[in-house]
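Accompanying notes for the structure given below.
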Amino acid sequence: MHVIRLLVLVGFLVSTALIDVSAGIPKPTWQTGYLILADGDRRAGELDYNWQAETVLLREPDGRIRAFSASQVQQFGWQASPGQKARLFITLPGSIRQAPASLAFFEVCAEGPIMVVRRMKRAHGLFRRAYNNPIRNFDPETPDPHDSFFDYFAHINGQFLSFKRFYVAIYQAHMAAYRQELQQFVQVRHLNEKSQFGQLRIVEQYNRLAERQTASVNTLVN
């Protein structure tokens, strides 16, 4: 009897999870944007990006809908909602290791000398996929202080530097030239340097400082 009850319970949980997944599959949310194919061809139209399937849909002006994977696309993007930055997704080798890997989509969170990208964490197991995946509920526009669905990386010279080792691998190794200015920036804005949100703001400030310095040097040269 105990075995039968256990099997019934497992069957109920599995069926519930499967129903939840099917119910949670969202309808396309179309955004007016652009897409650049691997051969450089640029297409304009309405886009929808499925984070979990890592597929971008393009609805062209004539109504045709085409699906593209990362191996077929260089980048795509669209204007975000009012008050938000434009969204930009680029194709990079989808591995944080040095070994060759298949291409994958990454969203660009910060541009400049240090580019920050993010990718949805890979789900493992039926129930985690069913209940803990943001594709069921929202398309997160802006990196959030409590964001736990994504892995963030600084992409420098073809390498992925994880935000999990932010202080050593990113801050100390690549941002030492502006350490004093960055420390002041953190203090004035009361940022938590250990939080993902605070770290993103630090990188953005570093990029501003570095680009300002570059612009000043170019002005003097010219």
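The rows are residues; the columns are (1) more than 21 Å from residue 55 (Cα to Cα); (2) surrounded by fewer than 16 Cβ atoms within 10 Å (Cβ to Cβ); (3) at pLDDT 60 or above.
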| residue | (1), (2), (3) |
| --- | --- |
| 99 | yes, yes, no |
| 119 | no, no, yes |
| 124 | no, yes, no |
| 129 | no, no, no |
Selection within the range 157-189 - aromatic (Phe, Trp, Tyr) and in a helix (DSSP H, G or I): 163, 166, 167, 171, 178, 185
I'd like to check something: does the range 39-52 contain any residue that is surrounded by 13 or more Cβ atoms within 10 Å (Cβ to Cβ), within 24 Å of the chain's Cα centre (by Cα), modelled with pLDDT of 90 or more and in a loop (DSSP other than H, G, I, E, B)? no
Quick check on this structure: which one of 172, 159, 205, 213 is more than 21 Å from residue 55 (Cα to Cα), open to solvent by 90 Å² or more (accessible area, probe 1.4 Å) and at pLDDT 70 or above? 213
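Answer yes if at least one residue in the range 68-87 is in a strand (DSSP E or B), open to solvent by less than 20 Å² (accessible area, probe 1.4 Å) and modelled with pLDDT under 90, and no otherwise. Walk me through how you get there before you give the answer.
Just the residues of the range 68-87 that are in a strand (DSSP E or B), to begin with: 68, 73-78, 87.
Pick out the ones that are also open to solvent by less than 20 Å² (accessible area, probe 1.4 Å) and you get 68, 73, 76-78, 87.
Cutting the leftovers down to modelled with pLDDT under 90 gives us none.
Checking the range 68-87: not a single residue is in a strand (DSSP E or B), open to solvent by less than 20 Å² (accessible area, probe 1.4 Å) and modelled with pLDDT under 90.
Is there a residue being modelled with pLDDT under 75 and open to solvent by less than 60 Å² (accessible area, probe 1.4 Å) anywhere in the range 56-65?
no
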From the residues in the range 189-202 that are at pLDDT below 95 and among the aliphatic types (A, V, I, L, M), which one is surrounded by the fewest Cβ atoms within 10 Å (Cβ to Cβ)? 191
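The values are calculated or read from the model by the stated rules, or taken from the named source; none is laboratory data. Everything numeric here is computed off the predicted structure, so don't read it as measured data. As a convention, Cβ positions derive from the backbone with ideal geometry for all residues, glycine included, and neighbour counts pool all protein chains shown. Side chains included, ligands, DNA and RNA excluded: accessible areas come from the protein's heavy atoms. Shrake-Rupley method; radii C 1.70, N 1.55, O 1.52, S 1.80 Å.
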